[in-house]
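The values are calculated or read from the model by the stated rules, or taken from the named source; none is laboratory data. Keep in mind that this is a model prediction, so the values were computed, not measured. As a convention, Cβ positions derive from the backbone with ideal geometry for all residues, glycine included, and neighbour counts pool all protein chains shown. These accessible areas exclude ligands, DNA and RNA; they are computed on the full protein's heavy atoms, side chains included. Shrake-Rupley method; radii C 1.70, N 1.55, O 1.52, S 1.80 Å.
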Amino acid sequence: MTPEQVLTMAKENGVKVVDIRFMDFPGMWQHFSVPIGELDEGSFEDGFGFDGSSIRGWQPINASDMLVIPDVDTAKIDPFFKVPTLVLIGDIADPITREAYTRDPRNIAKKAESFLKSTGIGDTAFIGPEAEFFIFDDIRYRSDPQSAAFAIDSVEGIWNSARDEGPNLGYKSRVKEGYFPVPPSDKFQDLRTEMMLTLQSLGIDVECQHHEVATAGQSEIDMRFKPLVQMADQLMWFKYVLKNVAYRAGHTVTFMPKPLYGDNGSGMHTHLSIWKEGKPLFAGDKYAGVSQQALWAIGGILTHCRALCAFTNPTTNSYKRLVPGYEAPVNLAYSSRNRSAAVRIPMYSASPKAKRIEFRTPDPSCNGYLAFSAILMAAIDGIQNKIDPGDPLDKNIYDLPPEELAEIPSAPGSLDSALAALAEDKAFLLKGDVFTKDVVDMWTDYKTAHEVNPVRLRPHPHEFHLYYDI
């Protein structure tokens, strides 16, 4: 689109307000609104000023002024606001130098796409995330110096089988038995359909929606693959739409990886393929119908997986899901069809265009701009250095004898372990100035100070169950 076309779009839709959005460092959408009269063609060059010191992980207070410059290609009409509102996603720039801000996640994603082109390997990285989530009816939590608690409720929760619901009509999904049941066991079909149709109304292609494995409303809606930056933008719309559709209907959506004990957590299996001049590069005559480049890309992802997890699984809660022997793929191996491997080669279609690799370790708590960029950088490093991924593992990893399982490396078991791995293995991210040293250091410092240490320092409620009478 052009600035003129955006203004025409706004006029045709009766827009009165412009909402400017951007991603903060940890991964939350931020926004502010201006009257439509404040938007003209020059706004797409001049941008809008804001206080960067109030954004998590960004500027110090003595250098707080920043610019957000709207991207014309991101223009959409918000489907929830009462007043007709045009939404524009912006890029962050320094108001003095006009240079792109190195800590802006969207800028990092743009640099990752540019670096791919500069290598000559390919010109487009397609990303297809499968973001799982929970739909709950009620959520209460607190974390105080002298007390901590959370309570989740869902009409689907198996724990409500004996609750007086006046009357209780049953049909509660049992633990790990929520995959694909029809209504009345699946109580959120209509809600997920509303989510899907709202996404489609925004121009976001959706492939399917369904209930997921866990009890209590775990669900999945899959977007059709898109180029990296476009998909990272869409992931933000995805989270925004799902939360607001649920909220409007009296429910709440969470992308927290492991909200329930004893049942499946929410992952975000992420599909990657690299193309050049309209041709897929990952189709070939090697194992499972992939190319040598695809195998090298897998080698890069497996080699750097422990460091990647700092971005793809960036919360302390992420590692309640990444536990050896349970449902998440923590073992660093690859396979076709085998869903217990960290990297899988999907076999749904023989078409070369459908050939891709699926990295199954990530979860939807991540900042998509950073996670997708890091995955691409690992794949590029694998191709450039011809990293051999070794032999595929077509056995069920969870059934392997201990001595055989011990030979397979594993994803980190905690966020601080992932951050330590990132500190040791970050050179592949620094290529092309995609992730700067400052970005990696700030990410590590922020996560350690605001998440790792606060969780590590607090007594856990279950510790009282285990130890109070010791």
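Among residues of the range 399-413 that are closer than 14 Å to residue 343 by Cβ, those with a Cβ under 7 angstrom from a residue that is of a type in the set (Gly, Ala, Ser) and not in a helix (DSSP H, G or I), sequence gap 6+ or separate chain, pair up as 408/333; 411/342. Tell me which residues, restricted to the range 264-283, are aromatic (Phe, Trp, Tyr) and surrounded by fewer than 21 Cβ atoms within 10 Å (Cβ to Cβ). Within the range 264-283, 275 is the sole residue that qualifies.
Of all residues in the range 173-201, those satisfying the criterion of being in contact with a helix residue (DSSP H, G or I) (Cβ under 6 Å, 6 or more places away or on another chain) and either of a type in the set (Lys, Arg) or open to solvent by less than 30 Å² (accessible area, probe 1.4 Å) (or both) are 174, 195, 198, 199.
Sort through 287, 261 and tell me the only one that's hydroxyl-bearing (Ser, Thr, Tyr), open to solvent by 10 Å² or more (accessible area, probe 1.4 Å) and within 21 Å of residue 301 (Cα to Cα). Among 287, 261, only 287 is hydroxyl-bearing (Ser, Thr, Tyr), open to solvent by 10 Å² or more (accessible area, probe 1.4 Å) and within 21 Å of residue 301 (Cα to Cα).
Note on the range 140-168: residues that are assigned to a strand (DSSP E or B), open to solvent by less than 70 Å² (accessible area, probe 1.4 Å) and closer than 20 Å to residue 214 by Cβ total 3. Only one of the numbered conditions (1) open to solvent by less than 50 Å² (accessible area, probe 1.4 Å); (2) in contact with a Leu (Cβ under 9 Å, 6 or more places away or on another chain); (3) of a type outside the set (A, V, I, L, M, F, W, C); (4) assigned to a loop (DSSP other than H, G, I, E, B) is violated by residue 388, and that is (1). With the condition kept exactly as written, say whether any residue in the range 124-138 is at pLDDT 95 or above, open to solvent by 50 Å² or more (accessible area, probe 1.4 Å) and part of a strand (DSSP E or B). Taking every residue of the range 124-138 in turn, at least one turns out to be at pLDDT 95 or above, open to solvent by 50 Å² or more (accessible area, probe 1.4 Å) and part of a strand (DSSP E or B). Scan the range 350-378 for residues that are under 15 Å from residue 272 (Cβ atoms) and open to solvent by 10 Å² or more (accessible area, probe 1.4 Å) and the total you get is 5.
Cβ-Cβ distances below 6 Å connect the following pairs, each with a first residue in the range 306-317 that is open to solvent by 30 Å² or more (accessible area, probe 1.4 Å), a second residue that is in a helix (DSSP H, G or I) and not charged (D, E, K, R), and a separation of six or more residues or different chains: 306/421; 316/415; 316/455.
Restricting to the range 313-344, name every residue that is in a loop (DSSP other than H, G, I, E, B) and under 23 Å from residue 283 (Cβ atoms). Within the range 313-344, 333, 337, 338, 339, 341, 342 qualify. The single condition from (1) outside any loop (DSSP other than H, G, I, E, B); (2) of a type outside the set (Ser, Thr, Tyr); (3) without any contact (Cβ under 8 Å) to a residue 60 or more places away in the chain; (4) open to solvent by 50 Å² or more (accessible area, probe 1.4 Å) that residue 395 fails is (1). When each of 40, 73 is tested for being under 27 Å from the mean Cα position of the chain (by Cα) and open to solvent by 50 Å² or more (accessible area, probe 1.4 Å), the lone residue that passes is 73.
Within the range 228-248, the presence of at least one residue that is closer than 17 Å to residue 105 by Cβ, open to solvent by less than 20 Å² (accessible area, probe 1.4 Å), of a type in the set (Val, Ile, Thr) and assigned to a helix (DSSP H, G or I) is confirmed. Pairing residues of the range 338-356 that are basic (Lys, Arg) with residues that are open to solvent by less than 10 Å² (accessible area, probe 1.4 Å) and not in a strand (DSSP E or B), at Cβ distances under 9 Å and at least 6 apart in sequence or on separate chains, gives 339/329; 344/329; 355/282; 355/294; 355/346; 356/282; 356/294; 356/346.
Residue pairs whose Cβ atoms lie under 6 Å apart, sitting 6 or more positions apart in sequence or on different chains, and linking a residue in the range 451-469 that is under 23 Å from residue 25 (Cβ atoms) and touching a residue at least 24 places away in the same chain (Cβ under 8 Å) to a partner that is open to solvent by less than 80 Å² (accessible area, probe 1.4 Å) and in a loop (DSSP other than H, G, I, E, B), are 451/316; 455/316. In this structure, residue 98 qualifies as assigned to a loop (DSSP other than H, G, I, E, B), surrounded by fewer than 15 Cβ atoms within 10 Å (Cβ to Cβ) and basic (Lys, Arg).
When residue 347 is tested against (1) closer than 16 Å to residue 282 by Cβ; (2) surrounded by 14 or more Cβ atoms within 10 Å (Cβ to Cβ), exactly one condition is not met: (2). For residue 4, the test of being outside any helix (DSSP H, G or I), at negative phi and over 30 Å from the mean Cα position of the chain (by Cα) is failed.
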